[in-house]
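Visitor: Structure below; questions to follow.
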Amino acid sequence: MNAEVFELILKSIREKIIIAIEYVSPYKTREVRSHILAPWGIFFRSHAWYLLAGSLKNEEELQKTFVFRLSRIRNIKLHPEITFLNHPDDYSQEKFTSSAWFVSLGKLEYDICLKHLLKNCRTYGYNR
């Protein structure tokens, strides 16, 4: 997975910024498609990170909710000039991901401490 993609995804969620991505299909064709998205959250499932986002029909309307595997995102661009579209009132990341394979629901918030041993790594958050 591309570290820059991961960083920009986190920034876009945290700051509620619309993103444009190029996504490589997991299927035989390996087709690359462009998407304009309102990123709502990320989750880890079966050894990979996934983005949960609303696809924009236009700058004022959501089309559908999608899940994108972060390792298949090739390019990403932030678009702060486009008004962020929040998820629908009845949206729940818990409910959306609970039907996914290898996802188990638990406590909603955890205190974590991440440590790294590599010299070129950066720690982005520390909560203890």
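Visitor: Within the range 74-96, how many residues are among the aliphatic types (A, V, I, L, M) and either assigned to a helix (DSSP H, G or I) or in contact with an Asp or Glu (Cβ under 7 Å, 6 or more places away or on another chain) (or both)? Talk me through it step by step, then tell me what you get.
Guide: Let us first name the residues in the range 74-96 that are among the aliphatic types (A, V, I, L, M), namely 76, 78, 82, 85.
Of the ones still in play, those that are also either assigned to a helix (DSSP H, G or I) or in contact with an Asp or Glu (Cβ under 7 Å, 6 or more places away or on another chain) (or both) are 82.
Of the residues in that region, 1 qualify.
Visitor: Moving on. Checking the structure you have, find out if any residue of the range 1-13 is under 28 Å from D89 (Cβ atoms) and more than 11 Å from the chain's Cα centre (by Cα).
Guide: The initial filter retains those residues of the range 1-13 that are under 28 Å from D89 (Cβ atoms), namely 8-13.
Now restrict to residues that are more than 11 Å from the chain's Cα centre (by Cα): none.
The answer is no, given that none of the residues of the range 1-13 is under 28 Å from D89 (Cβ atoms) and more than 11 Å from the chain's Cα centre (by Cα).
Visitor: Now a separate question. So for the range 13-32 (the condition being in a helix (DSSP H, G or I) and surrounded by 12 or more Cβ atoms within 10 Å (Cβ to Cβ)), does at least one residue qualify?
Guide: yes
Visitor: Where the second residue is assigned to a loop (DSSP other than H, G, I, E, B) and of a type in the set (D, E) and the first is touching a residue at least 60 places away in the same chain (Cβ under 8 Å) and lies in the range 69-82, which pairs have Cβ atoms under 7 Å and are six or more apart or on separate chains?
Guide: Hits for this filter: I82/E59.
Visitor: To continue, here is another question. Among the candidates F6, F43, F68, which residue alone is crowded, with 16+ Cβ neighbours inside 10 Å and assigned to a helix (DSSP H, G or I)?
Guide: F6
All of the numbers you see were taken from the coordinates with simple rules; none came from a lab. It should be emphasised that the depicted structure is a prediction, and the values quoted were computed from it without experimental measurement. Because the Cβ atoms are built from the backbone with ideal geometry, glycine has one as well, and the counts that use them run over all protein chains shown.
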